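The values are calculated or read from the model by the stated rules, or taken from the named source; none is laboratory data. These numbers were taken from a predicted model, which means no experiment stands behind them. Here Cβ is always computed from backbone atoms with ideal geometry, including for glycine, and neighbour counts include all displayed protein chains. With ligands, DNA and RNA removed, areas are computed over all heavy atoms of the protein, side chains included. Shrake-Rupley method; radii C 1.70, N 1.55, O 1.52, S 1.80 Å.
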Amino acid sequence: MPNSVLRYGSDWATMLGGDGAVRVPWALLAAGWACSAAAPLAAGASDASEFFETSVRPVLAGHCYQCHSRDAPTVFAQLRLDSGPALLRGGRSGPAVVPGDPDASRLIRALRHEAGPAPMPPAGKLREREIADLEEWVRQGAAWPEESASDVEPGGDGQPSSPRDHWAWQPLAELAWPEVDDGSWSTGPIDRFVLARLEAAGIAPVEPADRYTLLRRLALDLTGLPLAPWQVHAFARLPGRAGLGAAVDSLLASPAFGERWGRHWLDLAAYADTLGLGRRIPAPSAWRYRDYVIEAFNSDKPYNRFVREQVAGDVLPFQTDAQRREQLIATGFLSIGPWALVDQDKLQLQMDVVDHQIDTVGRALLGITLGCARCHDHKFDPVPQRDYYALAGIFRSTRTLEARMSGVFSDVRRTALPETPEELRARADALIVWQAEYDEAVQAQKWAEERVEALRKELQRSEAVEAGGDGAKELSERLAAAQSEARANETEAARILHYGKPAPPAALALADDPEPEDARICLGGNPRSLGLAVPRGFLSIVPAQAPAKIANRRLIGTGFQKSSGRLELADWLFDPGNPLPARVMANRVWQHLFGRGIVASVDNFGTLGERPTHPALLDYLALRLRSQDWSVKALVREIVLSSAYGLSAAHDQRAGAVDPDNLLLWRANRRRLEAEAIRDSVLHAAGSLDFRAGGPSLPLRSRGSVVMAQPPFLARSFELGAALRNRRTVYLPALRKSQLKQADVLNLFDFPDPNTVAGRRDVTTVPTQALYLMNSPFLVKQSAAAAKALLAGTQRSDEARVRAFLLRALGRPATEADVDRALRYLSGAGPGTREQAWARYCHSVFASNEFLFRG
């Protein structure tokens, strides 16, 4: 209801106590818990199968099957763990798992080494992450996907066809635009493909969205920010499609476009500003990759070039230092990851890194779940285990981590970047300051040590004379204090020496290993149980024209250089015969604009993924991406100017009965903003948003929040300094564990797990979200800032202030009903100052559905 600005209507005043605190009505809580019964949204069958194949079956195969499978010489305890029915049937002690209850499952208790069942496996306890994955699998119901006729597509004779005939691996097909009855509705090929499906189903699209709704939709989809009031007025006055095109061009040219769409890509890259799974190990140089991604989208870097740089930027030719620098930073795509840097089993760690890199390339670029083939041939897609290890040889011949001289830590490889003249001058100035600071710390340490020595001698003399009298006691206390000061000075000097010295700019970047080699198959995924060696290469499923084998050396200039094969992999990805990168990226663009991909399982185009709702349209978009020099902006522009994108979100009873899930796109999908867009929109509407772009996210010199004793400086906590507090969310530190307390909106509104490829975010509805919106210090503070700005502005009446604020926050002119309700609320808002009443009103708008949802 567009006229309903105050989300909770007249009940809002009852939420506000005399102290200004926001309280929750029971009706809201009841509604919230009712919603939570269905949230978070249940993962689809394909998601459950992917989780099983990537995180469950490999553990069972690697640690259990030798004793508990059909092929085991002796099935111990008559318990088999290689099939779903056998698992539930159990062995001599009964069922191995209780679906939904890990604590009651004998398998989980045995893996935890709890009292009762014999601890398993006998060779030693599994890693915590492996146990956690198995616990989560049982908690979700212990689903066991089995291959059946329903898992493959039927052939023309009604029998299952070969998985190699699956639609995704077929060449891109350029089809004639379909004929439609209502030619006036279509603005181009996209609309024809959509309308043809609607007409075939006997339904029609709803009416177009009004101009203000469409402008707000465009702004949020393209930039993640609402329009400024002057933009709303300017774009609303521009007539027809030409005016809409001008608005789109303006938004595409905005730096905010790269910040919005760069964040989409960072979800795929498993990007974070920390390394490590169980510990927060700061990655101070990671921000360079984030800024590279944002700039690539803003400059409309051709997508094929964008991907090639991320896969093989360190071995691509370059013309200038600036180009070399950019290409090195780009390889952060595969080097900034969730690495278990404290894992003592370095061989296992190496193969886990390789597995994550293969999985990232597979899901993010090809839409294939390759991790399933680590332990065995892929159960559903035609990806043999040999293909997995052909790729594994490429990444085993790539240096991602570096060994450390002492301890169990590994470290991510860092590469020095070419410095610009400005950077050289700035570092020289910083070195002078650093040297003075270090000298001062060393001198303070020296003085403290001299004082300790003097006090120690004095204490020895005193004890010889007084034999433990009061004088000796006082000297002992002074000595202890001096020793504490000396230790603190020593720690400070070490911190400055190891952490504060200005260093040349560096990037977390890949490099080819000096001695590349093919990988051997790890039997059952065990890196210590090796089978045949597999020549480095690519997926046999893709009919590409690139050579199947990779030479150990390649010609560079006038000489030869050892080669991991990543350069050849980058060439293979965009081979004319490979249809997957174009299909996958075109589908991702559609998903971000429509809320659902043409293939809903955006990271899985395999046989367990969803079928495309509009296969011909998908190929059209993929071919358009190719033909327009891989320009993402050009593809976005064509899509958002279509009639299909411009539909309203209104419901049509007849169409809803035929297509209740709106798969045929008879209306727009109304959806809640992502966590970043919520936070950024609040800052923007409050007038608090800091538009500065780029730069480090971590508090590099923050004392007390980072352990400085030895690299890699384990972080206890991160605090947002003033320089970051009101920046766009993409510039805040992204952490591999729970996100910053100062940005709880990320934890509550489905920010993805940075340890995984996340092409599609979950959307949950839980009571804590409503509680956050009404009580969070962030919302309270920004509501007060918005109120203060309104009262200090140029508007001369409360009515004008209401109209100005709603235009800024909601992107549309206020209706008379909006104004009347707001004025009635403000006139009877209860105790408190006028500014507090306005702050509560602004808060109610920020918590409203109209603000939180994109229509």
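Summary table below
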{"read-out": "Built amide H within the under 5 Å cut-off of residue 399, gap 5+", "value": "511, 512, 513"}
{"read-out": "Prolate/oblate/rounded label for the range 613-703 (Cα gyration tensor, a/c 1.5)", "value": "oblate"}
{"read-out": "Solvent-accessible area per residue, Å², over the range 730-855 with all protein chains present [probe radius 1.4 Å]", "value": "40"}
{"read-out": "The chain, helix-only ellipticity at 222 nm - DSSP H runs n ≥ 4, -39,500 (n - 2.57), divided by all residues, nearest 500", "value": "-14000 deg cm²/dmol"}
{"read-out": "Solvent-accessible area per residue, Å², over the range 212-290 with all protein chains present [probe radius 1.4 Å]", "value": "29"}
{"read-out": "Candidate lysines for bridging to residue 457, where Cα separation is under 24 Å - those fewer than 8 sequence places away on the same chain excluded", "value": "446, 473"}
{"read-out": "Relative contact order, percent, the chain [alpha-carbon distance under 8 Å, six or more residues apart]", "value": "19"}
{"read-out": "J(HN,Hα) series, the range 599-610, from Karplus relation 6.51 cos²θ - 1.76 cosθ + 1.60, nearest Hz, glycine and proline x", "value": "9, 5, 7, 4, 9, 9, 8, x, 5, 8, x, 6"}
{"read-out": "Accessible area expressed per residue, the range 627-698, with surrounding protein chains retained (probe 1.4 Å, Å²)", "value": "37"}
{"read-out": "Solvent-accessible area, 1.4 Å probe, carbon plus sulfur percent, for the chain", "value": "54"}
{"read-out": "With all protein chains modelled, accessible area of residue 515 [1.4 Å, Å²]", "value": "120"}
{"read-out": "Vicinal HN-Hα couplings computed from phi for the range 168-183 (Karplus, 6.51 cos²θ - 1.76 cosθ + 1.60; Hz; Gly/Pro x)", "value": "5, 8, 6, x, 5, 10, 8, 9, 5, 5, x, 7, 9, 7, 9, x"}
{"read-out": "Residue-count net charge about residue 204 - beta-carbon cut-off 15 Å; Lys, Arg +1, Asp, Glu -1", "value": "-3"}
{"read-out": "Three semi-axes of the equivalent ellipsoid, the range 300-375, Cα gyration tensor, whole Å, largest first", "value": "27, 17, 8"}
{"read-out": "Rounded, prolate or oblate (a/c below 1.5 giving rounded, otherwise prolate when a/b exceeds b/c) for the range 751-855 by Cα gyration tensor", "value": "prolate"}
{"read-out": "Zone residues, the range 718-740, relative to residue 775, backbone N less than 20 Å from point 7 Å out along Cα-to-Cβ", "value": "739-740"}
{"read-out": "Residue 483-residue 795 pseudo-label distance in nm [points 7 Å out on the Cα-to-Cβ vector]", "value": "6.7"}
